[in-house]
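The values are calculated or read from the model by the stated rules, or taken from the named source; none is laboratory data. Here the structure is a predicted model, which is why all the values come from computation and not from measurement. A quick note on method: Cβ atoms are made from the backbone with ideal geometry, for glycine too, and the neighbour counts reach across all protein chains shown.
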C-alpha cells in the first residue's frame with residue numbers, strides 16, 4: 001500500500017528554488033534513501049513533507065490524503081514523525097522525560113505514557129540511562145534519543161535526517177541494525193544520509209537530488225552506477241562490486 005506520494009513538489013525561498021519539481025513515492029514496509037550534495041534540498045523536502053514548510057507548488061499525500069496545509073502536529077497524530085539533523089533534546093531533563101513528551105501525543109495518562117516511553121528506551125538500548133540528563137549523553141546516544149522521541153509518537157512513517165552523522169564506524173553499524181529492526185516492526189522509513197555504505201546497505205530504493213531536482217532513482221546498485229550521480233555526488237572513485 002502506498003504510504004507517501006510527492007507530486008511535482010516545489011519550494012521557493014525568495015529567489016532560491018530549493019526543491020524543484022520533486023516526485024517520489026514510498027510503499028508500506030520500504031526503506032527509501034534520499035541522497036545528494038550539501039544544499040541539494042534534501043532537508044527542505046523533508047520539511048515540506050513533515051508540515052514544517054508549506055509547498056510553494058505541488059502536492060504531498062499521506063495515505064492518499066493531501067497534506068499540503070497540515071501542521072507537523074496534525075501529521076504526527078496521523079502517524080508521520082521525523083528526526084532532526086541538529087539534535088536538540090531537553091538537555092536538563094532525563095531521557096525518560098524526553099521520550100514521555102512524545103508518548104503524550106497518544107495518551108493523557110501518565111502511567112501509560114511512562115510505560116510506553118520505557119518500552120521505546122529499551123528497544124534502543126537506552127533503558128539503563130533512562131534517568132540520565134540528556135546533556136550528558138554521547139553523540140551516538142543523542143542520536144538514539146532523537147529516534148526514541150520520534151518512535152514514542154507511534155509512527156507509521158519515520159523520516160530520519162542524518163541520524164548517523166558524526167558516528168564512529170561501529171556506531172554506524174549499530175544504527176543500521178536499529179533501522180532494520182524498525183522496518184521489521186512494521187515502520188516505513190525515509191532517510192537522508194551521507195554515509196554511503198550505510199544508505200546503500202539499508203535502502204530498497206534511493207532517490208538522488210541535485211539543485212533541488214531529482215536526477216536519479218533506483219536500487220542502490222543502479223544509482224551507484226549512474227554517471228549523473230557519480231559526477232554530481234559520489235565521485236569517480238566510487239564503485240559498486
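Residues in segment 175-193 include at least one that is surrounded by 22 or more Cβ atoms within 10 Å (Cβ to Cβ), assigned to a loop (DSSP other than H, G, I, E, B) and modelled with pLDDT under 95.
Listed here are the strands (runs of 3 or more DSSP E) enclosed by segment 1-104 that have at least 2 residues being surrounded by 22 or more Cβ atoms within 10 Å (Cβ to Cβ) and over 16 Å from the mean Cα position of the chain (by Cα): 2-13, 16-27. Which of the residues that make up segment 119-154 are surrounded by 19 or more Cβ atoms within 10 Å (Cβ to Cβ) and outside any helix (DSSP H, G or I)? Across segment 119-154, the qualifying residues are 124, 126, 137, 152, 153.
If you check residue 197 against the conditions, is it over 16 Å from the mean Cα position of the chain (by Cα) and either buried (at least 17 other Cβ atoms within 10 Å of the Cβ) or not in a loop (DSSP other than H, G, I, E, B) (or both)? Reasoning before the result, please.
Values: over 16 Å from the mean Cα position of the chain (by Cα): yes; either buried (at least 17 other Cβ atoms within 10 Å of the Cβ) or not in a loop (DSSP other than H, G, I, E, B) (or both): yes.
For residue 197, the condition - over 16 Å from the mean Cα position of the chain (by Cα) and either buried (at least 17 other Cβ atoms within 10 Å of the Cβ) or not in a loop (DSSP other than H, G, I, E, B) (or both) - is met.
Of the residues making up segment 201-219, just one is assigned to a helix (DSSP H, G or I) and either under 14 Å from residue 23 (Cβ atoms) or touching a strand residue (DSSP E or B) at 6+ places or on another chain (Cβ under 9 Å) (or both), namely 202.
Within this structure, residue 222 fails the test of being at pLDDT 90 or above, surrounded by 15 or more Cβ atoms within 10 Å (Cβ to Cβ) and either touching a strand residue (DSSP E or B) at 6+ places or on another chain (Cβ under 8 Å) or assigned to a helix (DSSP H, G or I) (or both).
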